[in-house]
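Written out below as structure tokens is the structure these notes cover.
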Amino acid sequence: MTKIAIDAGHGLYTAGKRCLKSIDKSETREWFLNDRIADKLQELLKAYECEVLRVDDTTGLTDVSLANRVKKANNWGADVYISIHHNAGINGGKGGGTVVFYYSSKAERKAQATNLYNYIVNMTGLRGDRSTKVSKRGFYVIKNTKMPAFLIENGFMDSTSDVPIILSAGHANRTAQALLNFLVNTYKLKAISKPETIYRVQVGAFSNKANADGLRAKLRAEGYEAEVVSSGVK
């Protein structure tokens, strides 16, 4: 069964990780934005045959070290590592968009990262305008994990065009759905089959068993399955 490690970057009180105040008066923390997507993705994955491990602190109260995040995923034997972040560097300007990072030199990994980028921007519309939208970089969590690992920068927290988008729950939901679609198609995740619902039809109730037996006989003669069941009501 595929093992998926999910990493909501940083912690609730990690210094400096927040939206620019001049754009977002609440200065929404990056952890909140990251965690909202991670929570939704984790919920969506419950419908599929896979195992999920959160390597961050889901309360946000502790900024789990990068080394411990990687250690958790490696020791668990994860098959894929998804690290969710939001970017900065626009300094109150416009633009930015989505960026996906990977580390492996394998051509397959670059292709997967490109696919992941396309899944996200096709679902959210938040296309990157950086010189490299999909980039090989040595970020700790994608460099030191033993499994395929991807780090998503899901829009810029200091961009006048990105912030209104990334603050919305709808954008978070669409991003989570895009991540799910990538995982389902890349790792061939199978949906968990739901038990079939059976509906039974009651055609009569009698206080006299002979009458019940008579109706059963009639139904059987016409090709219907029929049994007499006592409810125990006195």
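The values are calculated or read from the model by the stated rules, or taken from the named source; none is laboratory data. None of these values were measured; they are calculated from a predicted model. Neighbour counts are summed over all protein chains in view; Cβ atoms, including those assigned to glycine, are modelled from backbone coordinates with ideal geometry. Ligands, DNA and RNA are stripped out before the accessible areas are found, and what is left, the full protein with its side chains, is counted by its heavy atoms. Shrake-Rupley method; radii C 1.70, N 1.55, O 1.52, S 1.80 Å.
Every condition in (1) in contact (Cβ under 8 Å) with a residue 60 or more places away in the chain; (2) farther than 15 Å from Asp158 by Cα; (3) of a type in the set (D, E, K, R) is met by Arg54 except one, and the failing one is (1).
Summed over region 178-204, the residues that are free of Cβ contacts under 8 Å to residues at least 24 places away in the same chain, among the small types (Gly, Ala, Ser) and open to solvent by 50 Å² or more (accessible area, probe 1.4 Å) give a count of 1.
Among the residues of region 9-26, those that are touching a Phe, Trp or Tyr at 6+ places or on another chain (Cβ under 9 Å) and farther than 20 Å from Ile165 by Cα comprise His10, Gly11, Leu12, Tyr13, Thr14.
Scanning region 161-177 for residues that are open to solvent by 40 Å² or more (accessible area, probe 1.4 Å), of a type in the set (A, V, I, L, M) and farther than 20 Å from Leu44 by Cβ turns up Ile165, Leu167. Residues that are among the polar types (S, T, N, Q) and either under 10 Å from Gly96 (Cβ atoms) or open to solvent by 20 Å² or more (accessible area, probe 1.4 Å) (or both) within region 143-153 comprise just one, Asn144.
In region 207-228, the qualifying residues are those that are over 54 Å from the mean Cα position of the chain (by Cα) and touching a residue at least 12 places away in the same chain (Cβ under 8 Å), and the one that is most open to solvent (accessible area, probe 1.4 Å) is Lys209. Look at region 141-167: where a residue is free of Cβ contacts under 8 Å to residues at least 12 places away in the same chain, no partner that is open to solvent by 20 Å² or more (accessible area, probe 1.4 Å) and in a strand (DSSP E or B) sits 6+ places away or on another chain with Cβ atoms under 6 Å. The residues of region 98-123 that are in contact with a Ser or Thr (Cβ under 6 Å, 6 or more places away or on another chain) and under 19 Å from Gly9 (Cβ atoms), listed by number, are Phe101, Ile120.
Per-residue answers, yes or no, for (1) surrounded by fewer than 17 Cβ atoms within 10 Å (Cβ to Cβ); (2) polar (S, T, N, Q); (3) out of contact with any Leu (no Cβ under 9 Å at 6 or more places or on another chain); (4) over 18 Å from Asn181 (Cα atoms):
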position: Tyr119; (1), (2), (3), (4): no, no, no, no
position: Thr124; (1), (2), (3), (4): no, yes, yes, no
position: Arg130; (1), (2), (3), (4): yes, no, yes, yes
position: Val141; (1), (2), (3), (4): no, no, no, yes
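Within region 107-140, the set of residues being aliphatic (A, V, I, L, M) and closer than 23 Å to Gly170 by Cβ comprises Leu116, Ile120, Val121, Met123, Leu126.
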